[in-house]
Each structure stands twice: as structure tokens, then as C-alpha cells.
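None of the figures in this text is laboratory data; all of them are computed from the coordinates on show. Since we're looking at a predicted model, the values are computed, not measured. Counting neighbours? That spans all protein chains shown, and the Cβs are built from the backbone with ideal geometry, glycine included.
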Amino acid sequence: MTLLGSGTRRAPGALRSLAGRDFLKEIDLSVEEWRALVDLAADLKAERRRSDRTPRLAGRSIALLFEKASTRTRCAFEVAAYDEGAHVTYLDPASSHLGHKESVADTARVLSRLYDGIEYRGSDQAIVETLAAYADVPVWNGLTDAWHPTQSLCDVLTMLEHSAKPAEQIAIAYVGDARNNVARSLLVAGAMMGMDVRLVSPAELTPDHDAVRRAQQIAEATGARLEVTGDPHRGLTGADFVYTDVWVSMGEPTEMWDRRVALLAPYAVDDALLELTGNPEVRFMHCLPALHGTDTELGHQLASRTGRTSFEVTPEVFESERSIVFDQAENRLHTIKAVLVATLAG
């Protein structure tokens, strides 16, 4: 099975080359390896739907190191592992000595004697890179402040499923805070797929130059079109998908909230913003969790402070037929499973 466009079918040997490898950021993979993972995820999803599963990771054990809370990443790693016959140990910040009483390097060397793979979710990209440098088993990035490769992999699969176009003809507009890990990963992943990727954000929140430079280098080989703009009209025209992410996070200083909300208010995804695409088939994407009302602690705090009742996306868009956010969420399972199978079972 393949969801990829012309010229993008799985390259022979691309999956085999991932055996035993780390999965830390998109740019560590070749274009062929990245596309092979997307294709494998589609195969594994179809296999699960048919209830036609042969566990490929029986007898394997995986450690999940979490320094940041998670719903989708943790659950997707656990279910993916269980589906494939592997065992999982979940370690939250209180359950290990990582970085407190034991160095990252020592933790990596201990865990790689006990486990066949290590997942890390936290803040500093240097931590997951150090784990990979000292571990003798594959290390996977479940999220850092710099990169979110398991998210962008699932985003690509979701777009291919919801478009009749080949990857090279798909246009996606990311609106909001383009400095963050999701925007950076999406830019590079879209470049690897040959897509038309627009990052639409206020000037203060544009992506760092290094991420743009790396994506442009990839685009030269794949034919991707990349643009960074502050103009929603320019960035959204003709888009097939409109994507946004959170404006503020729990734990951030509240004095930052007013400034962030003021900067991003013109980029809130509502019906009027989607109309700028001129595309009646446009779909809305969000990596979740999303602030689309005041029924969460953070949403209530922000509403009390700013007077707004929705933030990065309105309830009307989030709950509409144009929203494919829960298809995205499900696809975290299938794409993470592809990463586990490719790196451990290959």
C-alpha cells in the first residue's frame, strides 16, 4: 500500500537502513527514509484495521522517559508497543534519577543494558541527543523544545489520507507561533515530502534561520515550495490544510500571556480565516491539546485575564466537519508504530 505521489514510492532498502537507528529529528533521515516511514505507517494502519497483526517486537522491552506530561505521545507509544508484542516501562520525573542524581549519559548506559529502545519527552534537545550518544539501543524523540518528529510524521500521513492530491501538490499553511517545535518539524517534514509549506506568523514569532535554511536545502532536492510570511491573505490562499498550535503553555509566566495573545489574535483560526484559502475543501489541523473554549484550567485562566472565550481556534471550526484533529491524534499511534518497527524489527 502507498499513499505517496508519483516518484515518492518506498525506496528499496530505505526501511532496512533505519534498523538500529535513532529517531531524533527529521533532518537526521534521508528523504527516502522519511517517505518510507510514512508508507510503512499506512501499511501498519491498514493491517490494524483488518485485525491482521503479527507481533514483530515480541520479547522486546521499551523505556519511556517523560519529563513533560503527555496524553497522545505516551498512549501512542504504549499501544504501539503492545500491538507489536513489546513490554513498556513508563518513567515520569519522579520515577528516575535522570539529570538529578544521575547524569544523562549514565542513565543512557544503564537503560540500554536493560531495554531494547528508549523514548524521551522533555524540554532540551541536548538531552535526547546525549541519550542517543551514550545508549547502545535506538533512542526516539517524543518531543523536545526544538523538534517534534513523531508529530510531523503523523501530520504528513493525515494530510495524505485527506487529500486526493499527490504530496507534491498539497499546500499547507501553519498559522500562529512559528518558532516552536511543531512549526519547525512541519516545515522540514513538508520539505521532505515536496509540499507547498507556508508558515504564517507575526514577525516576533518567525522560525529560526537555521531551521529555514535546512528546509530550503531539502526543498532544492524535492521541489518543495516554502514561504515564511506575516500576511494571512498571502499565506492561506489556495491552502488545502490550515494548521495551528497552542498560544501559551501551562507553566509559562503569566506576564507573557497578554503579549502572546495580543500578537497571535489576528492569526486565530475562525471561519473567516479559513475562507481566505478560497478552498471549500480546506481542512483544519491541530496537534492538540487545543484551547477552543474555557472548559479547561488554562482556558479559564486565559479567559479571566484577556476576556477572550477562545484562542488559537474557535469552537465552530474545531467541532466542524473541516476539522481532522482526531484523525491526526489517532495517526500518532500508526506512525509511532512505524518508527518502532523500522528501528527495532528491521
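Taking the number of other C-beta atoms within 10 Å as the exposure measure, put 312, 220, 78 in order starting with the fewest. The partial results should precede the final answer.
Details: 312 24, 220 9, 78 18.
Result, fewest neighbours first: 220, 78, 312.
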Task: Gaussian network model of the chain, springs between alpha carbon atoms under 10 Å - residue of 114, 160, 205 with greatest fluctuation - done: 114
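Nearest 0.05, what FRET efficiency do residue 217 and residue 309 give at R0 = 35 Å with Cβ-Cβ as r?
Working: r = 43 Å, r/R0 = 1.22.
So the FRET efficiency works out to roughly 0.25.
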TODO: Any chance you could list P(r) for the range 163-323, counting all Cα-Cα pairs in 5 angstrom bins from zero, rounded to whole %?
DONE: 2, 9, 19, 21, 20, 14, 8, 4, 1, 0
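For residue 271 and residue 46, what does the FRET efficiency come to when R0 = 35 Å and r is the distance between their Cβ atoms, rounded to the nearest 0.05?
Values: r = 34 Å, r/R0 = 0.97.
For R0 = 35 Å, the calculated efficiency reads 0.55.
Please arrange 116, 177, 270 by counting, for each residue, the other beta carbons lying within 10 Å of its beta carbon, fewest first. Before the final figure, lay out the partial values.
Numbers: 116 18, 177 25, 270 13.
Fewest to most other Cβ atoms nearby, the residues stand as 270, 116, 177.
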Task: Listed residues 256, 159, 192, most fluctuating in the chain (Gaussian network, C-alpha, under 10 Å) - done: 256
- [ ] Report the charge-dipole magnitude of the range 18-104 in Debye, nearest 20, computed about the Cα centre from +1 at each Lys and Arg Cβ and -1 at each Asp and Glu Cβ.
- [x] 280
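How would you rank 300, 334, going from fewest to most other Cβ atoms within 10 Å of each one's own Cβ? Spell out each step's value before the answer.
Details: 300 12, 334 25.
Ranked by crowding around the Cβ, least crowded first: 300, 334.
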Task: With Cα atoms, 0 to 90° folded angle of helix 72-83 axis to the chain main axis - done: 40
TODO: Compute the acute angle (0 to 90°) between the alpha-carbon long axis of helix 255-264 and the principal axis of greatest extent of the alpha-carbon atoms of the chain; round to the nearest 10°.
DONE: 70
Open item on the list: Within the range 308-332, name every residue whose backbone N is under 19 Å away from a label modeled 7 Å from Cα of residue 295 along the Cβ vector.
Closed with: 308-327, 329
Open item on the list: Using a 7 Å offset from Cα along Cα-Cβ at residue 95, what residues in the range 318-336 end up with backbone N under 11 Å from the label point?
Closed with: none
TODO: Between 253, 289, 55, find the one with the highest GNM mean-square fluctuation for the chain; connect C-alpha pairs within less than 10 Å.
DONE: 253
- [ ] Measure nothing fancy, just the Cα-based angle from helix 297-306's long axis to the longest principal axis of the chain, in degrees from 0 to 90, nearest 10.
- [x] 30
Task: residue 225 versus residue 330: modelled label distance in nm, points set 7 Å from Cα along the beta carbon direction - done: 3.1
- [ ] At a Cα cut-off below 16 Å, give the lysines reachable from residue 337, other chains included and same-chain residues fewer than 8 away excluded.
- [x] 45
Task: residue 28-residue 321 pseudo-label distance in nm [points 7 Å out on the Cα-to-Cβ vector] - done: 4.2
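Evaluate E = 1/(1 + (r/R0)^6) for residue 103 and residue 255, where r is the Cβ-Cβ distance and R0 equals 30 Å; express this FRET efficiency to the nearest 0.05. Let's see the in-between values first.
Numbers: r = 34 Å, r/R0 = 1.13.
For R0 = 30 Å, the calculated efficiency reads 0.35.
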- [ ] Would you compute, from DSSP H runs of 4+ residues alone, the mean residue ellipticity of the chain at 222 nm, taking -39500 (n - 2.57) per run and dividing by the full residue count, rounded to the nearest 500?
- [x] -12500 deg cm²/dmol
TODO: Mind checking which of 219, 290, 253 is farthest towards the positive end of the range 163-323's charge dipole, using Cβ charges of +1 (Lys, Arg) and -1 (Asp, Glu) about the Cα centre?
DONE: 219
Open item on the list: Testing the spin-label approximation: label points 7 Å from Cα along Cα→Cβ at residue 124 and residue 54. State their distance in nm.
Closed with: 4.4
TODO: With unit charges on the beta carbon (Lys/Arg positive, Asp/Glu negative), name the residue among 126, 182, 199 whose Cα is farthest towards the positive pole of the charge dipole of the chain.
DONE: 126
Task: For the chain, size of Cβ-based charge dipole, Lys and Arg +1, Asp and Glu -1, in debye - done: 820
